[in-house]
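Chemist: So that we are looking at the same thing, I have put the structure below in structure tokens.
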Amino acid sequence: MNKNKTLLEPKVIYESPDFVAVNKPAGLLVHETAVSGKNVEKEETLADWAVKRYPEVKEVGDDPKTRPGIVHRLDKETSGVIIIPKTQAYFLYLKNLFQNHKIEKTYLALVKGRVKSESGVIEKPIGLKPNTVKRVVGGRKMKNVREAVTEYKVKKRFSYAGKDYTLVEATPLTGRTHQIRVHLFSIGYPVVGDKLYGGGENALGLDRQFLHADSIEFPSSSGKMIKISADLPEELQKALDKLTIT
């Protein structure tokens with residue numbers, strides 16, 4: 001992927017006095033990690049961008065020195081909508097909504113294979129495979145095992161170059177690291193382009209995983225429901241355009 005600065009610029013899709021919603025491009029890290037922090041040349045993050053554009057965000061969060069304004073995350077190679085609170089009060093409000101499962105996030109994922117069921121629920125605990133960054137379901141030696149539940153439904157089925165693909169809408173009911181990727185892989189449908197769980201190889205020419213945080217919905221502090229959607233990135237739309245609906 002060409003990681004030039006223009007490509008990695010998040011796009012503001014909604015803004016209020018309390019928060020800003022952005023469409024995060026794939027390749028942009030949400031905040032500095034132990035690994036990224038060791039880079040000779042520091043990697044610019046979404047948190048860095050937020051502080052530059054909204055200086056008040058510098059004081060917001062549980063750990064504003066390393067994660068200013070960050071109340072939820074997306075994997076580096078996942079694109080889509082992220083909410084950034086501008087004040088500590090709204091950060092705490094959103095944090096409470098997340099903890100009480102009052103925020104619904106919907107993702108689009110293109111997976112390998114033809115998903116047979118029109119919809120389903122994957123309820124499998126996820127843990128960390130020892131001495132790796134890989135998450136797994138099942139296995140006696142998993143660490144930090146947590147309950148994980150993902151709902152999914154089929155949007156469209158496709159074929160391309162003799163292989164089947166399915167576009168699914170996935171809604172995580174819990175917020176575990178790599179949850180959607182791990183759960184879809186666990187039922188035999190890895191996300192296209194996923195180097196960690198899907199083998200990485202894909203005939204569609206993608207150099208990122210086809211996983212996009214399509215929308216987020218939650219009640220505002222006044223009680224009105226807010227739904228914010230993020231457009232599908234050009235590289236993912238081009239991949240879909242190659243496919244034939246079956």
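The values are calculated or read from the model by the stated rules, or taken from the named source; none is laboratory data. Source: prediction; values computed, not measured. Virtual Cβ from ideal backbone geometry, glycine too; neighbours counted across all protein chains shown.
Chemist: Quick one: residue 189 ticks every box in (1) of a type outside the set (Asp, Glu); (2) in a strand (DSSP E or B); (3) farther than 24 Å from residue 82 by Cα bar one, so which box is it?
Modeler: The one condition residue 189 does not meet is (2).
Chemist: Scan the range 91-106 and give yes if some residue there is touching a residue at least 60 places away in the same chain (Cβ under 8 Å) and either polar (S, T, N, Q) or in contact with a Lys or Arg (Cβ under 9 Å, 6 or more places away or on another chain) (or both), otherwise no.
Modeler: yes
Chemist: Step by step: first the residues of the range 127-151, then only those that are outside any strand (DSSP E or B) and among the aliphatic types (A, V, I, L, M), then the one that is modelled with the highest pLDDT. Which residue is that?
Modeler: 148
Chemist: When you check residue 52 against the structure, is it assigned by TED's automatic domain parsing to the domain that holds residue 224 and farther than 24 Å from residue 218 by Cα, yes or no?
Modeler: In short, no.
Chemist: Let me ask something else. Could you check how many residues of the range 111-164 are small (Gly, Ala, Ser), under 25 Å from residue 208 (Cβ atoms) and loosely packed, with under 15 Cβ neighbours inside 10 Å?
Modeler: Residues meeting the conditions: 3.
Chemist: So, one more: Working only within the range 192-213, note down all residues that are touching a residue at least 12 places away in the same chain (Cβ under 8 Å), within 21 Å of the chain's Cα centre (by Cα) and surrounded by fewer than 18 Cβ atoms within 10 Å (Cβ to Cβ).
Modeler: Selection gives 195, 205, 207.
Chemist: Could you list all residues from the range 74-90 that are in contact (Cβ under 8 Å) with a residue 60 or more places away in the chain, part of a loop (DSSP other than H, G, I, E, B) and within 19 Å of residue 8 (Cα to Cα)?
Modeler: 74, 75, 77, 78
Chemist: A follow-up question, please. How many residues are among the polar types (S, T, N, Q), surrounded by fewer than 17 Cβ atoms within 10 Å (Cβ to Cβ) and modelled with pLDDT of 95 or more when one looks only at the range 214-239?
Modeler: 1
Chemist: In the set 121, 71, 182, 154, which member is at pLDDT 95 or above and either touching a Pro at 6+ places or on another chain (Cβ under 6 Å) or part of a loop (DSSP other than H, G, I, E, B) (or both)?
Modeler: Result of the check over 121, 71, 182, 154: 71.
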